[in-house]
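Data block below; observations after.
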Amino acid sequence: MADLEGNIDAKNFNTDVPASEFGFYVKGAGNLDYGMKRRLSRIFRPDGRTVMLAFDHGYFQGPTRGLERLDLNIAPLAKYADALMGTRGAFRTSFPADGTQSLVVRASGGPSILKDLSDERIAMDMQDAARIDASAVAIQVFVGGEKETQSVHNMTQMVDAGLNYGIPVLGVTAVGRDLVRNSRYLGLATRIIAELGAQMVKTYYCEEDFEDVVSGCPVPIIVAGGKKLEAKDALDMASKSVAAGAAGLDMGRNIFQRVSPAAMIQAVGAIVHDGATTDSAYEMYLDLSGGAND
Ligand code: R5P
């Protein structure tokens, strides 16, 4: 306890200066609690955008190209990302604990690629998310799938738990093979996820009316990369996504399956945060990768 003797009376109250008010820049998050805002502000930079690196694929498909060794393939890329999306097993085993990036931790799972992928359950509790210092947890939601209600229920349970702990939920739209990734479907899925309480939604880009999907969703939309494309096409998708109002990208294979993943994630970052065009980002990619067009 401070020594009471020698205490100097307070006098500089700046009575003519109104108390600070803090608006909040993340879409739909103005009424959230302090801890939620702190965590969201670790994921989204003050420009409201994020570059998230996704490498949680092993939770259902085991090792895949580019993810053979998370400590060697992915950990060195962390410095280029605002947020890392992975499993708790990946973080605890393969990433140093002194990293500064926010962690978005996969919290649904169950079936492998050998089974019905939509049959997921909650695979991690919110206490462990707090323990591992998660800035958010990610839950897959299968709107239109056979296990739609179950997957929505997984998410809503985690939203409730997250509100207790101040940890946001990223609802991930999983589009089954027989569903079409158009604005009608993506608008439906993203809106359902946001209205049921997720503080962010990850979804796919679609060429037509993607801006309607973004506008109709009251929380930030982060666009998933999907299967590997030509480098320039992937950058073009990133560029069109943010131009349509997306709050960033959460790319996996389009980064870690390249000859130069570090060059690609920096090029994506230039689009998301620095206003680079597709062409200038592609030039940057070629430059940083030593001309590797892969
Ligand atoms: C898949 O279920 C995971 O959420 C991946 O993180 C997601 O698909 C993004 O990875 P990619 O850009 O490789 O599609």
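Explain nothing, just compute: Karplus ³J(HN,Hα) = 6.51 cos²θ - 1.76 cosθ + 1.60, θ = phi - 60°, for every residue of region 68-77 in order, whole Hz, x for Gly and Pro.
In residue order, the calculated couplings are 4, 10, 4, 5, 8, 7, 10, 3, x, 8 Hz.
Suppose a student asked you for the relative contact order of the chain, using Cα pairs under 8 Å spaced at least 6 residues apart; what percent would you report? Please report the intermediate quantities before stating the final value.
Values: 524 pairs, mean separation 46.7, N = 294.
16 percent.
Quick one: Cα centre-to-centre distance for region 35-85 and region 160-238, in angstrom?
17 Å
Take Leu196 and Leu229, extend 7 Å from each Cα along the Cα→Cβ direction, and tell me the distance between the two endpoints in nm.
Once both label points are built, they end up 2.8 nm from each other.
Given H placed on each backbone N at 1.01 Å, which residues far from Met85 in sequence or on other chains put an amide H within less than 5 Å of it?
It is Leu53, Ala54, Phe55, Val104, by chain and number.
Kindly work out what percent of the DSSP beta bridges joining two residues of the chain are antiparallel, to the nearest 5.
Antiparallel bridges make up about 5 percent of those DSSP assigns within the chain.
Mind running the shape call on region 34-289? Use the C-alpha gyration tensor, a ≥ b ≥ c as the square roots of the eigenvalues: rounded below 1.5 for a/c, prolate if a/b tops b/c, oblate otherwise. Can you show the working numbers first?
On the way: a/c = 1.36, a/b = 1.17, b/c = 1.16.
Rounded.
So what are the ³J(HN,Hα) numbers for region 14-20, from phi and the Karplus equation (6.51, -1.76, 1.60; θ = phi - 60°), rounded to whole Hz, Gly and Pro as x?
Taking θ as phi minus 60°, the curve returns 6, 4, 8, 9, x, 4, 5 Hz for region 14-20.
Quick check on packing: order 85-94, 245-254, 60-69 by the mean number of other C-beta atoms within 10 Å, highest mean leading.
Details: 85-94: 19.1, 245-254: 24.8, 60-69: 13.8.
Going by the mean number of other Cβ atoms within 10 Å, highest first, we get 245-254, 85-94, 60-69.
Calculate the FRET efficiency for Ala243 and Lys115 from the Cβ-Cβ distance with a Förster distance of 41 Å, rounded to the nearest 0.05. Before the final figure, lay out each step's value.
Working: r = 38 Å, r/R0 = 0.94.
Computed FRET efficiency for Ala243 and Lys115: 0.60.
Which value in nm describes the separation of the simple spin-label points at Asp3 and Asp16, placed 7 Å from the Cα toward the beta carbon?
In this crude spin-label approximation the distance works out to 3.6 nm.
Once you place label points 7 Å from the Cα toward the Cβ at Gln61 and Glu207, how far apart are they in nm?
In this crude label model, Gln61 to Glu207 measures out at 2.3 nm.
Can you work out ³J(HN,Hα) from phi for every residue in region 180-188, in order, using Karplus 6.51 cos²θ - 1.76 cosθ + 1.60 and θ = phi - 60°, giving whole Hz and x for Gly and Pro?
Computed from phi, the couplings for region 180-188 are 9, 7, 10, 5, 5, 5, 5, x, 5 Hz.
With a ≥ b ≥ c the root eigenvalues of the C-alpha gyration tensor of region 28-178, is it rounded (a/c under 1.5), prolate (a/b larger than b/c) or oblate?
It is oblate, given that a/c is not under 1.5 and a/b is not larger than b/c.
Take each of the peptides 28-35, 46-53, 144-151, average the number of other beta-carbon atoms within 10 Å over its residues, and list them starting from the highest.
Numbers: 28-35: 13.4, 46-53: 20.4, 144-151: 16.8.
With the highest mean Cβ count within 10 Å placed first, the list reads 46-53, 144-151, 28-35.
Read the figures in this text as sums done on the coordinates, not as results from a lab. The shown structure was predicted, so the numbers you read here are calculated from the model rather than taken from an experiment. A quick note on method: Cβ atoms are made from the backbone with ideal geometry, for glycine too, and the neighbour counts reach across all protein chains shown.
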